[in-house]
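In what follows, a structure is listed as C-alpha coordinates, so that the remarks can point back to it.
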Amino acid sequence: MKALQALNKRTAPKSAMPERIIQFGEGNFLRAFVDWIVYNMDQKTDFNASVVVVQPIERGMADWLNGQDCLYHVNLQGKENGRPVDTLTRIDVISRALNPYTQNQAFMALAEQPEMRFIISNTTEAGIAFDESCKFSDAPAASYPGKLVQLLFHRYKFFGGDPTKGMILMPCELIFLNGHHLKKCIYQYIELWKNDLGDDYEGFKTWFTRHCYVCATLVDRIVPGFPRDTIQDIQQKICYRDNLVVKAESFHLWVIEKAENMTVEQLKAEFPAEKAGLHVLITDNEKPYHARKVTLLNGPHTVLSPVTFLSGVDIVRDACEHPVLGKYIHKVQFDELMQTLDLPMEELRQFAADVLERFENPFVDHQVTSIMLNSFPKYETRDLPGVKIYLERKGELPKGLVFGLAAIITYYKGGQRADGTAIVPNDDPKIMARLAELWATGDTRQVAEGVLAFDYVWKENLNQTVPGLAALVKEYLDLIQAKGMLEAVKTIL
(Lines give C-alpha, C1' and ligand atoms only; values in the text may rest on other atoms or scores of the structure.)
Protein backbone atom coordinates (compact mmCIF):
# COMPACT_ATOMS: atom_id res chain seq x y z
CA MET A 1 0.00 0.00 0.00
CA LYS A 2 1.33 3.43 -0.96
CA ALA A 3 1.46 6.20 1.62
CA LEU A 4 -1.25 8.75 0.84
CA GLN A 5 -0.89 12.52 0.99
CA ALA A 6 -3.65 14.89 2.05
CA LEU A 7 -5.14 16.61 -1.02
CA ASN A 8 -4.75 20.40 -0.91
CA LYS A 9 -2.96 23.18 -2.78
CA ARG A 10 0.25 22.56 -0.86
CA THR A 11 0.48 18.96 -2.03
CA ALA A 12 -1.04 19.32 -5.52
CA PRO A 13 -0.81 22.07 -8.14
CA LYS A 14 -3.82 24.38 -8.37
CA SER A 15 -4.52 26.95 -11.08
CA ALA A 16 -5.24 30.55 -10.15
CA MET A 17 -7.77 32.06 -12.55
CA PRO A 18 -10.20 34.99 -12.30
CA GLU A 19 -13.44 34.23 -10.48
CA ARG A 20 -16.01 34.55 -13.25
CA ILE A 21 -18.66 31.99 -12.25
CA ILE A 22 -20.94 31.86 -9.21
CA GLN A 23 -22.26 28.33 -8.73
CA PHE A 24 -25.23 27.69 -6.46
CA GLY A 25 -24.77 24.07 -5.45
CA GLU A 26 -21.79 22.00 -4.37
CA GLY A 27 -23.13 18.49 -4.90
CA ASN A 28 -21.86 15.59 -6.95
CA PHE A 29 -23.67 16.47 -10.16
CA LEU A 30 -22.37 20.01 -10.58
CA ARG A 31 -18.83 18.98 -9.62
CA ALA A 32 -18.80 16.08 -12.11
CA PHE A 33 -20.62 17.94 -14.87
CA VAL A 34 -20.36 21.75 -14.87
CA ASP A 35 -17.02 22.06 -13.07
CA TRP A 36 -15.55 19.27 -15.23
CA ILE A 37 -16.77 21.19 -18.32
CA VAL A 38 -15.25 24.46 -17.02
CA TYR A 39 -11.98 22.60 -16.34
CA ASN A 40 -11.90 21.37 -19.95
CA MET A 41 -12.72 24.84 -21.28
CA ASP A 42 -9.89 26.32 -19.22
CA GLN A 43 -7.48 23.66 -20.45
CA LYS A 44 -8.40 23.84 -24.15
CA THR A 45 -9.53 27.45 -24.76
CA ASP A 46 -8.83 30.95 -23.42
CA PHE A 47 -11.94 30.83 -21.18
CA ASN A 48 -9.73 31.44 -18.10
CA ALA A 49 -12.33 31.19 -15.34
CA SER A 50 -12.65 29.81 -11.86
CA VAL A 51 -15.81 29.06 -9.90
CA VAL A 52 -16.99 30.31 -6.52
CA VAL A 53 -19.36 27.75 -5.02
CA VAL A 54 -22.27 29.00 -2.92
CA GLN A 55 -23.96 26.50 -0.64
CA PRO A 56 -27.69 27.00 -1.36
CA ILE A 57 -29.02 25.58 1.92
CA GLU A 58 -27.87 26.00 5.51
CA ARG A 59 -26.26 22.58 5.78
CA GLY A 60 -23.98 21.54 2.96
CA MET A 61 -20.47 20.68 1.84
CA ALA A 62 -18.72 24.07 1.72
CA ASP A 63 -16.49 23.19 4.68
CA TRP A 64 -15.58 19.82 3.14
CA LEU A 65 -14.61 21.50 -0.12
CA ASN A 66 -12.53 24.17 1.60
CA GLY A 67 -10.87 21.45 3.68
CA GLN A 68 -9.31 20.14 0.43
CA ASP A 69 -8.79 23.64 -1.02
CA CYS A 70 -11.65 22.72 -3.38
CA LEU A 71 -9.53 20.09 -5.17
CA TYR A 72 -11.08 16.71 -6.04
CA HIS A 73 -11.03 13.99 -8.71
CA VAL A 74 -13.69 12.97 -11.22
CA ASN A 75 -13.72 9.27 -12.13
CA LEU A 76 -15.38 8.84 -15.54
CA GLN A 77 -16.47 5.32 -16.48
CA GLY A 78 -18.37 4.08 -19.48
CA LYS A 79 -18.14 2.82 -23.01
CA GLU A 80 -17.15 4.94 -26.02
CA ASN A 81 -16.79 3.70 -29.59
CA GLY A 82 -17.13 0.15 -28.33
CA ARG A 83 -14.30 0.43 -25.79
CA PRO A 84 -14.42 0.78 -22.00
CA VAL A 85 -13.42 4.16 -20.53
CA ASP A 86 -12.10 4.57 -16.98
CA THR A 87 -10.31 7.87 -16.27
CA LEU A 88 -9.36 9.98 -13.25
CA THR A 89 -9.00 13.76 -13.56
CA ARG A 90 -8.10 16.22 -10.80
CA ILE A 91 -10.42 19.24 -11.02
CA ASP A 92 -9.00 22.54 -9.75
CA VAL A 93 -11.41 25.19 -11.04
CA ILE A 94 -13.28 25.89 -7.79
CA SER A 95 -11.49 28.76 -6.04
CA ARG A 96 -13.48 28.69 -2.79
CA ALA A 97 -16.81 27.66 -1.28
CA LEU A 98 -19.10 29.96 0.72
CA ASN A 99 -21.96 29.36 3.12
CA PRO A 100 -24.21 32.44 2.78
CA TYR A 101 -25.89 31.62 6.08
CA THR A 102 -22.63 32.16 8.00
CA GLN A 103 -20.74 34.26 5.42
CA ASN A 104 -23.43 36.54 4.07
CA GLN A 105 -21.15 39.54 3.70
CA ALA A 106 -18.68 37.52 1.61
CA PHE A 107 -21.58 36.13 -0.43
CA MET A 108 -22.98 39.59 -1.23
CA ALA A 109 -19.47 40.84 -2.02
CA LEU A 110 -19.44 38.47 -5.02
CA ALA A 111 -21.75 40.99 -6.71
CA GLU A 112 -18.99 43.61 -6.49
CA GLN A 113 -16.44 41.61 -8.51
CA PRO A 114 -16.35 43.14 -12.00
CA GLU A 115 -15.24 39.95 -13.79
CA MET A 116 -18.20 37.90 -12.54
CA ARG A 117 -20.29 36.92 -15.58
CA PHE A 118 -22.06 33.56 -15.10
CA ILE A 119 -24.44 32.14 -12.50
CA ILE A 120 -24.97 28.38 -12.66
CA SER A 121 -27.18 26.36 -10.33
CA ASN A 122 -28.51 22.97 -9.37
CA THR A 123 -30.68 23.46 -6.31
CA THR A 124 -32.92 20.41 -7.10
CA GLU A 125 -36.32 20.61 -8.78
CA ALA A 126 -37.75 22.17 -5.61
CA GLY A 127 -35.10 24.90 -5.62
CA ILE A 128 -36.63 27.05 -8.35
CA ALA A 129 -39.68 28.17 -6.44
CA PHE A 130 -41.25 31.39 -5.19
CA ASP A 131 -41.72 31.68 -1.43
CA GLU A 132 -43.64 34.80 -0.48
CA SER A 133 -42.46 34.49 3.14
CA CYS A 134 -38.93 35.49 2.06
CA LYS A 135 -38.02 39.04 3.05
CA PHE A 136 -35.62 41.36 1.24
CA SER A 137 -33.92 41.99 4.60
CA ASP A 138 -33.23 38.27 5.21
CA ALA A 139 -29.53 37.49 5.26
CA PRO A 140 -29.88 35.52 3.08
CA ALA A 141 -33.34 34.81 1.67
CA ALA A 142 -34.29 31.17 2.16
CA SER A 143 -35.08 30.42 -1.50
CA TYR A 144 -32.54 30.26 -4.31
CA PRO A 145 -34.37 32.82 -6.54
CA GLY A 146 -34.64 35.11 -3.50
CA LYS A 147 -30.87 34.95 -2.90
CA LEU A 148 -30.35 35.61 -6.59
CA VAL A 149 -32.44 38.79 -6.56
CA GLN A 150 -30.59 40.04 -3.48
CA LEU A 151 -27.26 39.42 -5.22
CA LEU A 152 -28.30 40.94 -8.56
CA PHE A 153 -29.77 44.03 -6.92
CA HIS A 154 -26.55 44.59 -5.00
CA ARG A 155 -24.62 44.30 -8.27
CA TYR A 156 -27.00 46.74 -9.97
CA LYS A 157 -26.50 49.28 -7.18
CA PHE A 158 -22.74 48.78 -6.83
CA PHE A 159 -22.06 49.33 -10.53
CA GLY A 160 -24.69 52.04 -10.97
CA GLY A 161 -26.78 50.03 -13.45
CA ASP A 162 -23.81 49.46 -15.80
CA PRO A 163 -25.20 47.46 -18.79
CA THR A 164 -21.90 45.54 -19.11
CA LYS A 165 -22.24 44.12 -15.58
CA GLY A 166 -25.31 41.97 -16.28
CA MET A 167 -25.05 38.22 -15.64
CA ILE A 168 -25.67 35.11 -17.73
CA LEU A 169 -27.80 32.62 -15.77
CA MET A 170 -27.70 28.92 -16.68
CA PRO A 171 -29.77 26.79 -14.29
CA CYS A 172 -29.23 23.01 -14.40
CA GLU A 173 -32.24 21.93 -12.33
CA LEU A 174 -34.13 19.00 -13.88
CA ILE A 175 -37.17 21.05 -14.91
CA PHE A 176 -38.23 21.45 -18.53
CA LEU A 177 -37.51 25.08 -19.52
CA ASN A 178 -35.86 25.63 -16.13
CA GLY A 179 -34.66 29.11 -17.17
CA HIS A 180 -38.21 30.23 -17.93
CA HIS A 181 -39.32 29.13 -14.44
CA LEU A 182 -36.35 30.86 -12.81
CA LYS A 183 -37.00 34.11 -14.68
CA LYS A 184 -40.65 34.07 -13.60
CA CYS A 185 -39.60 33.60 -9.94
CA ILE A 186 -37.12 36.48 -10.19
CA TYR A 187 -39.85 38.82 -11.44
CA GLN A 188 -42.14 37.63 -8.63
CA TYR A 189 -39.51 38.61 -6.05
CA ILE A 190 -38.93 41.98 -7.72
CA GLU A 191 -42.66 42.65 -7.38
CA LEU A 192 -42.84 41.26 -3.83
CA TRP A 193 -39.96 43.50 -2.73
CA LYS A 194 -41.04 46.53 -4.75
CA ASN A 195 -41.31 48.73 -1.65
CA ASP A 196 -37.89 47.59 -0.39
CA LEU A 197 -36.30 48.45 -3.74
CA GLY A 198 -37.86 51.89 -3.54
CA ASP A 199 -36.77 54.38 -6.19
CA ASP A 200 -34.54 51.69 -7.76
CA TYR A 201 -37.46 49.37 -8.53
CA GLU A 202 -38.00 50.42 -12.16
CA GLY A 203 -34.31 50.85 -12.94
CA PHE A 204 -33.35 47.47 -11.47
CA LYS A 205 -36.21 45.68 -13.24
CA THR A 206 -35.20 47.25 -16.57
CA TRP A 207 -31.51 46.41 -15.99
CA PHE A 208 -32.37 42.79 -15.24
CA THR A 209 -34.68 42.53 -18.27
CA ARG A 210 -32.26 44.06 -20.76
CA HIS A 211 -28.80 43.17 -19.46
CA CYS A 212 -29.17 39.84 -17.64
CA TYR A 213 -29.57 36.73 -19.75
CA VAL A 214 -31.55 33.77 -18.39
CA CYS A 215 -31.00 30.59 -20.41
CA ALA A 216 -32.94 27.32 -20.25
CA THR A 217 -30.75 24.23 -20.21
CA LEU A 218 -30.96 20.46 -20.50
CA VAL A 219 -28.29 18.43 -18.70
CA ASP A 220 -27.48 14.78 -19.26
CA ARG A 221 -24.88 12.77 -17.37
CA ILE A 222 -25.45 9.97 -14.88
CA VAL A 223 -23.51 10.75 -11.69
CA PRO A 224 -23.59 7.94 -9.10
CA GLY A 225 -21.45 10.07 -6.76
CA PHE A 226 -18.87 8.99 -4.20
CA PRO A 227 -17.47 5.55 -5.21
CA ARG A 228 -17.61 3.86 -1.82
CA ASP A 229 -16.91 0.41 -3.24
CA THR A 230 -13.72 1.41 -5.11
CA ILE A 231 -12.45 4.44 -3.15
CA GLN A 232 -9.43 2.63 -1.69
CA ASP A 233 -8.24 1.54 -5.14
CA ILE A 234 -8.82 5.06 -6.51
CA GLN A 235 -6.88 6.69 -3.68
CA GLN A 236 -3.98 4.28 -4.27
CA LYS A 237 -3.95 5.27 -7.95
CA ILE A 238 -3.97 9.03 -7.29
CA CYS A 239 -1.76 8.81 -4.15
CA TYR A 240 -4.03 11.29 -2.30
CA ARG A 241 -6.64 11.07 0.45
CA ASP A 242 -9.42 12.56 -1.64
CA ASN A 243 -12.73 12.33 0.23
CA LEU A 244 -14.63 14.16 -2.52
CA VAL A 245 -14.06 11.85 -5.50
CA VAL A 246 -17.07 11.84 -7.83
CA LYS A 247 -17.89 8.91 -10.08
CA ALA A 248 -19.79 9.66 -13.29
CA GLU A 249 -20.47 8.10 -16.67
CA SER A 250 -18.22 9.22 -19.53
CA PHE A 251 -21.15 10.49 -21.65
CA HIS A 252 -22.14 14.13 -21.21
CA LEU A 253 -24.52 16.51 -22.96
CA TRP A 254 -25.47 20.08 -22.10
CA VAL A 255 -28.06 21.80 -24.29
CA ILE A 256 -28.22 25.54 -23.58
CA GLU A 257 -31.08 27.58 -25.04
CA LYS A 258 -29.84 31.15 -25.40
CA ALA A 259 -31.76 33.89 -23.60
CA GLU A 260 -34.33 35.77 -25.67
CA ASN A 261 -32.33 39.02 -25.42
CA MET A 262 -29.12 37.57 -26.91
CA THR A 263 -28.00 35.60 -29.98
CA VAL A 264 -26.59 32.08 -30.23
CA GLU A 265 -23.33 33.56 -31.55
CA GLN A 266 -23.03 35.88 -28.54
CA LEU A 267 -23.38 33.01 -26.08
CA LYS A 268 -20.97 30.78 -28.03
CA ALA A 269 -18.37 33.55 -27.97
CA GLU A 270 -18.67 33.98 -24.20
CA PHE A 271 -18.97 30.30 -23.34
CA PRO A 272 -16.62 28.49 -25.79
CA ALA A 273 -17.45 24.90 -24.85
CA GLU A 274 -17.77 23.89 -28.52
CA LYS A 275 -14.17 25.01 -29.15
CA ALA A 276 -13.08 22.71 -26.33
CA GLY A 277 -14.63 19.73 -28.16
CA LEU A 278 -17.31 19.25 -25.52
CA HIS A 279 -20.85 18.01 -26.12
CA VAL A 280 -22.33 21.39 -25.25
CA LEU A 281 -24.94 22.52 -27.74
CA ILE A 282 -25.95 26.18 -27.74
CA THR A 283 -29.25 26.64 -29.57
CA ASP A 284 -32.24 28.93 -29.87
CA ASN A 285 -34.69 26.15 -28.92
CA GLU A 286 -34.19 23.48 -26.28
CA LYS A 287 -37.56 21.76 -26.86
CA PRO A 288 -36.59 19.27 -29.62
CA TYR A 289 -33.57 18.14 -27.60
CA HIS A 290 -35.73 17.65 -24.53
CA ALA A 291 -38.06 15.51 -26.68
CA ARG A 292 -35.05 13.60 -28.02
CA LYS A 293 -33.78 12.77 -24.53
CA VAL A 294 -37.18 11.77 -23.14
CA THR A 295 -37.97 9.71 -26.25
CA LEU A 296 -34.64 7.99 -27.00
CA LEU A 297 -33.18 7.64 -23.50
CA ASN A 298 -36.14 7.35 -21.15
CA GLY A 299 -38.56 5.82 -23.67
CA PRO A 300 -36.62 2.58 -24.30
CA HIS A 301 -35.89 2.18 -20.57
CA THR A 302 -39.59 2.15 -19.77
CA VAL A 303 -40.49 -0.69 -22.15
CA LEU A 304 -37.28 -2.74 -22.02
CA SER A 305 -37.57 -3.11 -18.24
CA PRO A 306 -40.71 -5.32 -17.98
CA VAL A 307 -39.81 -7.25 -21.15
CA THR A 308 -36.31 -7.88 -19.80
CA PHE A 309 -37.29 -8.76 -16.25
CA LEU A 310 -40.07 -11.15 -17.30
CA SER A 311 -37.61 -12.79 -19.70
CA GLY A 312 -35.40 -13.68 -16.74
CA VAL A 313 -32.73 -10.98 -17.22
CA ASP A 314 -32.07 -8.46 -14.43
CA ILE A 315 -29.40 -6.03 -15.73
CA VAL A 316 -29.89 -3.44 -18.51
CA ARG A 317 -26.46 -4.15 -20.01
CA ASP A 318 -27.19 -7.90 -20.20
CA ALA A 319 -30.47 -7.14 -21.98
CA CYS A 320 -28.68 -5.05 -24.62
CA GLU A 321 -26.20 -7.86 -25.24
CA HIS A 322 -28.90 -10.61 -25.28
CA PRO A 323 -29.52 -12.14 -28.75
CA VAL A 324 -33.30 -11.59 -28.56
CA LEU A 325 -33.76 -8.71 -26.10
CA GLY A 326 -31.00 -6.72 -27.80
CA LYS A 327 -32.95 -6.91 -31.08
CA TYR A 328 -36.13 -5.80 -29.31
CA ILE A 329 -34.37 -2.76 -27.79
CA HIS A 330 -32.84 -1.88 -31.17
CA LYS A 331 -36.26 -2.15 -32.85
CA VAL A 332 -37.94 0.15 -30.33
CA GLN A 333 -35.07 2.64 -30.45
CA PHE A 334 -34.23 2.88 -34.16
CA ASP A 335 -37.28 1.57 -36.03
CA GLU A 336 -39.99 3.12 -33.90
CA LEU A 337 -39.15 5.94 -31.45
CA MET A 338 -36.51 7.55 -33.66
CA GLN A 339 -39.06 7.83 -36.48
CA THR A 340 -41.30 10.06 -34.35
CA LEU A 341 -38.82 12.93 -33.83
CA ASP A 342 -38.14 15.98 -35.99
CA LEU A 343 -34.38 16.49 -35.69
CA PRO A 344 -32.02 15.45 -38.56
CA MET A 345 -31.95 11.66 -38.85
CA GLU A 346 -28.13 11.42 -38.73
CA GLU A 347 -28.11 13.37 -35.48
CA LEU A 348 -30.80 11.10 -34.05
CA ARG A 349 -28.91 7.96 -35.09
CA GLN A 350 -25.78 9.17 -33.32
CA PHE A 351 -27.69 10.03 -30.14
CA ALA A 352 -29.53 6.67 -30.22
CA ALA A 353 -26.20 4.84 -30.65
CA ASP A 354 -24.74 6.82 -27.73
CA VAL A 355 -27.73 5.82 -25.60
CA LEU A 356 -27.18 2.12 -26.32
CA GLU A 357 -23.50 2.47 -25.35
CA ARG A 358 -24.64 4.07 -22.11
CA PHE A 359 -27.00 1.14 -21.50
CA GLU A 360 -24.01 -1.19 -22.07
CA ASN A 361 -21.77 0.59 -19.53
CA PRO A 362 -19.48 -2.20 -18.24
CA PHE A 363 -18.99 -0.45 -14.89
CA VAL A 364 -22.67 -0.12 -13.90
CA ASP A 365 -25.02 -2.99 -13.03
CA HIS A 366 -28.29 -1.14 -13.68
CA GLN A 367 -31.11 -3.26 -12.25
CA VAL A 368 -34.19 -3.20 -14.50
CA THR A 369 -36.44 -3.34 -11.44
CA SER A 370 -35.11 0.09 -10.38
CA ILE A 371 -36.65 1.50 -13.57
CA MET A 372 -40.05 -0.12 -13.02
CA LEU A 373 -41.35 2.31 -10.37
CA ASN A 374 -44.45 4.17 -11.66
CA SER A 375 -44.29 2.56 -15.09
CA PHE A 376 -47.71 3.72 -16.27
CA PRO A 377 -47.11 7.46 -15.76
CA LYS A 378 -43.65 6.98 -17.34
CA TYR A 379 -45.19 5.28 -20.38
CA GLU A 380 -47.68 8.14 -20.68
CA THR A 381 -44.95 10.81 -20.91
CA ARG A 382 -42.15 8.86 -22.61
CA ASP A 383 -43.74 6.34 -25.00
CA LEU A 384 -47.40 7.17 -25.64
CA PRO A 385 -46.56 10.28 -27.72
CA GLY A 386 -44.39 8.03 -29.91
CA VAL A 387 -47.23 5.52 -30.35
CA LYS A 388 -49.54 8.28 -31.58
CA ILE A 389 -47.01 9.99 -33.88
CA TYR A 390 -45.88 6.65 -35.35
CA LEU A 391 -49.48 5.70 -36.10
CA GLU A 392 -50.08 9.09 -37.70
CA ARG A 393 -46.93 8.95 -39.83
CA LYS A 394 -46.82 5.23 -40.73
CA GLY A 395 -50.50 4.28 -40.70
CA GLU A 396 -49.91 1.40 -38.28
CA LEU A 397 -49.18 0.92 -34.60
CA PRO A 398 -45.53 0.43 -33.49
CA LYS A 399 -45.40 -3.23 -32.44
CA GLY A 400 -42.45 -2.89 -30.07
CA LEU A 401 -43.93 -0.01 -28.10
CA VAL A 402 -47.36 -1.65 -27.86
CA PHE A 403 -45.72 -4.94 -26.83
CA GLY A 404 -43.92 -2.96 -24.11
CA LEU A 405 -47.24 -1.69 -22.79
CA ALA A 406 -48.59 -5.26 -22.70
CA ALA A 407 -45.43 -6.26 -20.80
CA ILE A 408 -46.02 -3.52 -18.20
CA ILE A 409 -49.62 -4.67 -17.76
CA THR A 410 -48.39 -8.27 -17.34
CA TYR A 411 -45.72 -7.20 -14.83
CA TYR A 412 -48.40 -5.44 -12.79
CA LYS A 413 -50.26 -8.74 -12.48
CA GLY A 414 -47.61 -9.69 -9.91
CA GLY A 415 -46.91 -13.28 -8.89
CA GLN A 416 -43.63 -15.02 -9.65
CA ARG A 417 -41.24 -15.24 -12.56
CA ALA A 418 -40.48 -18.67 -14.05
CA ASP A 419 -37.34 -18.93 -11.88
CA GLY A 420 -39.31 -18.17 -8.70
CA THR A 421 -38.30 -14.51 -8.39
CA ALA A 422 -41.13 -12.44 -6.94
CA ILE A 423 -42.73 -9.84 -9.22
CA VAL A 424 -43.35 -6.76 -7.07
CA PRO A 425 -44.93 -3.85 -8.99
CA ASN A 426 -44.85 -0.43 -7.33
CA ASP A 427 -47.12 2.43 -8.37
CA ASP A 428 -49.91 4.74 -7.24
CA PRO A 429 -52.31 2.68 -5.03
CA LYS A 430 -55.23 3.71 -7.25
CA ILE A 431 -53.46 2.23 -10.30
CA MET A 432 -52.46 -0.91 -8.42
CA ALA A 433 -56.02 -1.50 -7.18
CA ARG A 434 -57.49 -1.06 -10.66
CA LEU A 435 -55.00 -3.52 -12.20
CA ALA A 436 -55.83 -6.09 -9.53
CA GLU A 437 -59.56 -5.73 -10.31
CA LEU A 438 -58.99 -6.11 -14.05
CA TRP A 439 -56.72 -9.15 -13.79
CA ALA A 440 -59.19 -10.79 -11.38
CA THR A 441 -61.70 -10.95 -14.27
CA GLY A 442 -59.44 -13.39 -16.15
CA ASP A 443 -60.48 -11.72 -19.41
CA THR A 444 -57.58 -10.11 -21.31
CA ARG A 445 -59.98 -8.01 -23.40
CA GLN A 446 -61.37 -6.48 -20.22
CA VAL A 447 -57.81 -6.00 -18.94
CA ALA A 448 -56.68 -4.25 -22.14
CA GLU A 449 -59.75 -2.04 -22.47
CA GLY A 450 -59.83 -1.29 -18.75
CA VAL A 451 -56.21 -0.13 -18.70
CA LEU A 452 -56.66 2.00 -21.83
CA ALA A 453 -59.78 3.62 -20.35
CA PHE A 454 -57.91 4.69 -17.23
CA ASP A 455 -57.94 8.45 -17.78
CA TYR A 456 -56.34 8.94 -14.34
CA VAL A 457 -53.11 7.89 -16.09
CA TRP A 458 -53.65 8.80 -19.75
CA LYS A 459 -55.83 11.91 -19.31
CA GLU A 460 -58.01 10.46 -22.08
CA ASN A 461 -59.69 7.17 -23.08
CA LEU A 462 -57.16 5.46 -25.36
CA ASN A 463 -59.83 2.99 -26.55
CA GLN A 464 -61.40 5.93 -28.36
CA THR A 465 -58.37 8.03 -29.31
CA VAL A 466 -55.92 5.38 -30.58
CA PRO A 467 -57.68 3.08 -33.10
CA GLY A 468 -56.69 -0.59 -32.90
CA LEU A 469 -54.66 -0.23 -29.70
CA ALA A 470 -56.98 -2.29 -27.47
CA ALA A 471 -57.06 -5.20 -29.94
CA LEU A 472 -53.25 -5.26 -30.29
CA VAL A 473 -52.65 -5.01 -26.53
CA LYS A 474 -55.08 -7.94 -26.01
CA GLU A 475 -53.28 -9.94 -28.70
CA TYR A 476 -49.94 -9.42 -26.99
CA LEU A 477 -51.33 -10.15 -23.52
CA ASP A 478 -52.63 -13.48 -24.82
CA LEU A 479 -49.31 -14.19 -26.55
CA ILE A 480 -47.32 -13.54 -23.36
CA GLN A 481 -49.73 -15.72 -21.32
CA ALA A 482 -49.44 -18.57 -23.80
CA LYS A 483 -45.73 -18.52 -24.71
CA GLY A 484 -43.96 -16.68 -21.91
CA MET A 485 -42.23 -13.30 -22.38
CA LEU A 486 -39.08 -14.34 -24.22
CA GLU A 487 -40.84 -16.50 -26.80
CA ALA A 488 -43.57 -13.88 -27.21
CA VAL A 489 -41.13 -11.07 -27.98
CA LYS A 490 -39.54 -13.14 -30.76
CA THR A 491 -42.80 -12.98 -32.70
CA ILE A 492 -42.60 -9.22 -33.23
CA LEU A 493 -38.94 -9.05 -34.34
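The values are calculated or read from the model by the stated rules, or taken from the named source; none is laboratory data. Every value quoted in this text rests on a predicted model; they were computed, and no experiment measured them. Methodologically, a virtual Cβ is constructed for each residue, glycine included, from the backbone with ideal geometry; neighbour enumeration extends over all protein chains shown. Heavy atoms of the whole protein, side chains included, go into the accessibility calculation; ligands, DNA and RNA do not. Shrake-Rupley method; radii C 1.70, N 1.55, O 1.52, S 1.80 Å.
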Checklist entry - Which residues' amide hydrogens lie under 5 Å from the amide hydrogen of residue 120, considering only partners 5 or more residues apart or on another chain, with H built in the peptide plane? => result 22, 23, 24, 170
Checklist entry - From the phi of every residue in segment 8-15, what ³J(HN,Hα) in whole Hz does the Karplus formula 6.51 cos²θ - 1.76 cosθ + 1.60 yield, where θ is phi - 60° and glycine or proline is x? => result 7, 6, 7, 9, 9, x, 9, 5
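Using 0.36 nm times the number of residues separating residue 491 and residue 66, minus their current alpha carbon distance, what extension gain do you get?
Using 0.36 nm per residue and subtracting the Cα-Cα distance, I get 147.1 nm.
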Checklist outcome for this item: Extend 7 Å from the Cα of residue 445 along its Cα-to-C-beta direction; within segment 458-493, residues with backbone N under 13 Å of that point are 470-472, 474-475
Checklist entry - So how far, in whole Å, is the C-alpha centre of segment 88-141 from the one of segment 382-438? => result 44
Checklist entry - Length gain on complete extension for the stretch residue 464 to residue 136, per 0.36 nm per residue less the alpha carbon to alpha carbon distance? => result 112.8 nm
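For an R0 of 25 angstrom, estimate the FRET efficiency from the Cβ-Cβ distance between residue 90 and residue 343 and round to the nearest 0.05. Working shown, then result.
Working: r = 36 Å, r/R0 = 1.45.
It comes to 0.10.
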Item to check | Two-site label geometry, residue 174 and residue 83: point separation in nm, points 7 Å out along Cα→Cβ | outcome: 3.2
Item to check | Neighbour net charge for residue 481 - beta-carbon separation under 12 angstrom, K R +1, D E -1 | outcome: -1
Item to check | Separation in nanometres of the label points that stand 7 Å from Cα toward Cβ, at residue 109 and residue 432 | outcome: 5.4
Next on the checklist: On the principal axes of its Cα set, how long, how wide and how thick is the chain? Give whole Å, largest value first.
Outcome noted: 73, 62, 40
Checklist entry - When the Cα centres of segment 473-492 and segment 324-348 are compared, how far apart do they sit, in Å? => result 22
Next on the checklist: What does the extension gain come out to for residue 243 and residue 184, with contour length at 0.36 nm per residue minus their alpha carbon separation?
Outcome noted: 17.4 nm
Next on the checklist: Run the helix sum for the chain: -39,500 (n - 2.57) per DSSP H stretch of 4+ residues, divided by residue count, reported at 222 nm to the nearest 500 deg cm²/dmol.
Outcome noted: -12500 deg cm²/dmol
Checklist entry - Taking a probe of 1.4 Å, how large is the accessible area per residue of the chain, in Å²? => result 43
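Evaluate Rg over Rh across segment 5-284, taking Cα atoms for both radii and Kirkwood's formula for Rh. Numbers along the way, then the final one.
On the way: Rg = 18.8 Å, Rh = 19.4 Å.
We get a ratio of 0.97 for segment 5-284.
Near residue 325, within a Cβ-to-Cβ distance under 14 Å, what is the net charge of the other residues, with Lys and Arg +1 and Asp and Glu -1?
Details: positive: 317, 327, 331, 490; negative: 314, 318, 321, 360, 487.
Once positives and negatives cancel, what remains is -1.
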Checklist outcome for this item: Everything considered on the Cα gyration tensor (a ≥ b ≥ c; rounded for a/c under 1.5, else prolate if a/b is larger than b/c, else oblate), segment 287-491 must be described as oblate
Checklist entry - Could you give the alpha-carbon Rg of segment 229-301 over 2.2 N^0.38 Å, rounded to two decimals? => result 1.59
Checklist outcome for this item: Interchain or sequence-distant (5+) residues whose placed amide H lies within less than 5 Å of the amide H of residue 254 are 280, 281
